[in-house]
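**Q** This is the structure I have questions about; it appears just below.
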Amino acid sequence: MPLSLSVQSTRLLVTLLDASQLMQLDARGDELRRVQLPHYMEPHHAVESPTATFIVSHRNTEQHEVSEVNAGGEVLRQFSGSRLSSLGHAPHVAVDSHGNIFVADRDNRRILLLDAQLKLRRVIIDEDQLHAMRPWRLCYREQSGQLLVGYLRGVVAYHGGLAVFDVLHR
């Protein structure tokens, strides 16, 4: 069952929940590859990185993580939070052309910026800026430097809205 979609260049990446797989399609919709994720990963969302690996937000048996996996499904690196704060439910990620990763940390009501090595650079949008709303979906528009954040007002996914943040640093 498809759980989420992301587009990178002319490819579509589908996160499949039931099989814990990623399916990559070309512009015509032909399947290019399937990536089997490790058995402990319950994926939420995935994007293709500029280096042709995959950034996956997921839950494992103990915590929420963001992992980088290669086309063979091998985990290259992981992020589960900093020494000061663990990562909450991360339902969505976005990536820029430099490999920086935006993470919607729903439970902590913030947006994190990770570098291409999955190291925390900083919290770029905090709970105050989100007015205590819970970030749910992300779309980064690199040319304008805007981060579009779909958020939830309560526990039901049908009640929410959209906020736009200028995150380009010139």
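**Q** List the longest stretch of the chain that has no exposed loop site; here a site is one of the GluC sites (Glu not before Pro) assigned by DSSP to anything other than H, G, I, E or B, with at most 16 other Cβ within 10 Å.
**A** Within the chain, the longest run free of exposed GluC sites (Glu not before Pro) spans 1-61.
**Q** Now for a different question. For Val167, what residues show an amide H to amide H distance below 5 Å, using hydrogens built from the backbone and excluding near sequence neighbours?
**A** Answer set, sorted by chain and number: Gln146, Leu147.
**Q** Any idea how far apart Glu142 and His89 come out in nm if each label point goes 7 Å out from Cα toward Cβ?
**A** 3.1 nm
**Q** Please identify the trypsin sites (Lys or Arg not before Pro) of the range 111-165 that satisfy two criteria: DSSP loop assignment and at most 15 other Cβ atoms within 10 Å. Which are they? Working shown, then result.
**A** Values: sites: Lys119, Arg121, Arg122, Arg137, Arg141, Arg153; in loops: Lys119, Arg153.
Here the sparse-neighbourhood loop sites are Lys119, Arg153.
**Q** If you don't mind, another one. Are there any trypsin sites (Lys or Arg not before Pro) in the range 14-94 that are in a DSSP loop and have at most 10 other Cβ atoms within 10 Å? List them by number.
**A** Answer in residue order: Arg28, Arg83.
**Q** On to the next question. Choose one of Trp136, His39, Thr53: the residue whose Cα lies farthest towards the positive end of the charge dipole of the chain (beta-carbon charges +1 Lys, Arg; -1 Asp, Glu; about the Cα centre).
**A** Trp136
**Q** Now a separate question. On a full-extension model of 0.36 nm per residue, what is the gain between Ala52 and Gln117, subtracting their alpha-carbon distance, rounded to one decimal in nm? Walk me through the numbers before you get to the answer.
**A** On the way: separation 65, 0.36 × 65 = 23.40 nm, distance 1.40 nm.
Gain on extension, Ala52 to Gln117, equals 22.0 nm.
**Q** Please list, by residue number, everything in the range 113-142 whose backbone N is under 16 Å from a paramagnetic label point 7 Å out along Cα→Cβ of Arg59.
**A** Within reach of a label on Arg59: 136.
**Q** Here is a follow-up. Of the chain, which part is the longest with no chymotrypsin sites (Phe, Trp or Tyr not before Pro) in a loop (DSSP not H, G, I, E, B) and with at most 13 other C-beta atoms within 10 angstrom? Don't skip to the answer; put the middle values down first.
**A** Details: sites that count: Tyr40, Tyr158.
Of all site-free stretches, the longest is 41-157.
**Q** Moving on. Relative to the present Cα-Cα distance, how much length would full extension add between Gln78 and Ser97 at 0.36 nm per residue of separation?
**A** On the way: separation 19, 0.36 × 19 = 6.84 nm, distance 1.97 nm.
Here the answer is 4.9 nm.
**Q** Compute a Gaussian network model of the chain, connecting alpha carbons closer than 10 Å, and tell me which residue from Asp26, Asp96, Asp105 fluctuates the most.
**A** Asp26
**Q** Leu3 versus Ala27, label points 7 Å from Cα toward the beta carbon: distance in nm?
**A** With each label point 7 Å from Cα toward Cβ, the separation is 3.0 nm.
**Q** Mind sorting Thr51, Thr15 by how few other Cβ atoms lie within 10 Å of their own Cβ, fewest first? Before the final figure, lay out the partial values.
**A** Details: Thr51 10, Thr15 24.
With the fewest neighbours first, Thr51, Thr15 line up as Thr51, Thr15.
**Q** Here is a further query. Please report the spacing between the Cα centers of the range 86-160 and the range 43-67 in Å, no decimals.
**A** Between the Cα centre of the range 86-160 and that of the range 43-67, the gap is 14 Å.
Each value in this text was obtained by applying a stated rule to the coordinates, not by laboratory testing. Just so it is clear, the model here is predicted, and its values are computed rather than measured. All Cβ positions, even for glycine, are placed from backbone atoms using ideal geometry, and neighbour counts span all protein chains on display.
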